[in-house]
Amino acid sequence: MARYTGPKSKIARKFREPIFGPDKVLDRKNYPPGQHGASKRRGKQSEYAVQLMEKQKVKYTYGVLEKQFRNLFTKASSRQGITGDNLLQLLEARLDNTVYRLGIAPTRSGARQLVSHKHITVNGEVVNIPSYQLKAGDVVAVREKSKTLEAITNSVAGRSINKFNWLDWNAGELSGKFLTYPNRDEIPENIKENLIVELYSK
């Protein structure tokens with residue numbers, strides 16, 4: 001399966017959550033897409049369907065494909081601690097997600113594009129792999145010749161104060177340090193990671 005490039009509002013309506021950011025269509029139509037709209041009778045979902053829906057929501061939120069997601073889950077399972085928390089920490093430690101969290105790009109898909117087009121460095125070296133896993137102490141920065149890119153300057157200009165405790169932002173250098181993995185209560189996404197753990201445990 002290739003990465004989803006269709007209408008984002010359709011996916012947001014499917015999960016009834018603005019997983020890609022503020023969405024005017026979702027505000028108007030807060031029900032799943034389909035020709036019958038909100039009037040269609042929908043039976044009670046099975047336990048498996050609820051778990052699968054949660055996994056799909058996380059995959060769309062972070063822009064991860066199935067094989068990548070399964071590999072991350074395997075890695076999370078092998079680490080000490082709570083598997084669900086470990087999974088979210090690994091997702092947050094992805095380079096594209098960190099570029100988004102730092103405010104260098106307004107969306108995760110935008111961040112993924114900046115990384116792929118070699119506008120981002122890690123510890124001074126260009127890295128063009130969006131799934132690159134950061135470690136504590138890694139410094140993520142905008143490449144020197146990319147600092148005047150309109151997409152980056154506009155995003156940084158609209159950036160609010162640093163709101164993520166696991167990241168340290170340097171506005172003058174357009175760089176940020178990944179301090180540590182975030183605690184579960186610091187990750188703002190509305191995710192029920194226990195459902196994903198139950199799904200993969202079957």
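Given +1 at the Cβ of Lys and Arg, -1 at the Cβ of Asp and Glu and no other charges, the dipole of the range 94-180 around its Cα centre is 180 debye to the nearest 20. Count Lys and Arg as plus one, Asp and Glu as minus one, and take only other residues whose Cβ is under 14 Å from that of N128; the net charge is then +2. Residue-normalised convex hull volume from the C-alpha trace of the range 94-180: 77 Å³ per residue.
Taken one residue at a time, the phi angles of the range 104-110 give Karplus couplings (6.51, -1.76, 1.60, θ = phi - 60°) of 6, 9, x, 9, 5, 5, x Hz. Gly and Pro are set to x.
Working from the Cα coordinates of the range 41-154, the gyration tensor eigenvalues give, after taking √(5λ), semi-axes of 31, 18, 10 Å in decreasing order. A simple spin-label model places pseudo-atoms 7 Å from Cα toward Cβ; at L52 and E144 they are separated by 5.2 nm.
Between the alpha-carbon centres of the range 178-202 and the range 83-103 there is a gap of 10 Å.
On the beta carbon distance between K67 and E173, with R0 = 41 Å, the FRET formula returns roughly 0.70. The phi torsions of the range 172-188, fed into the Karplus equation with coefficients 6.51, -1.76 and 1.60 and a -60° offset, translate into couplings of x, 9, 6, 9, x, 9, 7, 6, 6, 5, x, 6, 4, 6, 8, 8, x Hz, rounded to whole numbers, with Gly and Pro shown as x.
Readers should treat all values here as calculations from the given coordinates under stated rules, not as data from a laboratory. Predicted, not measured: the structure shown is a model, and the values here were computed from it. All Cβ positions, even for glycine, are placed from backbone atoms using ideal geometry, and neighbour counts span all protein chains on display.
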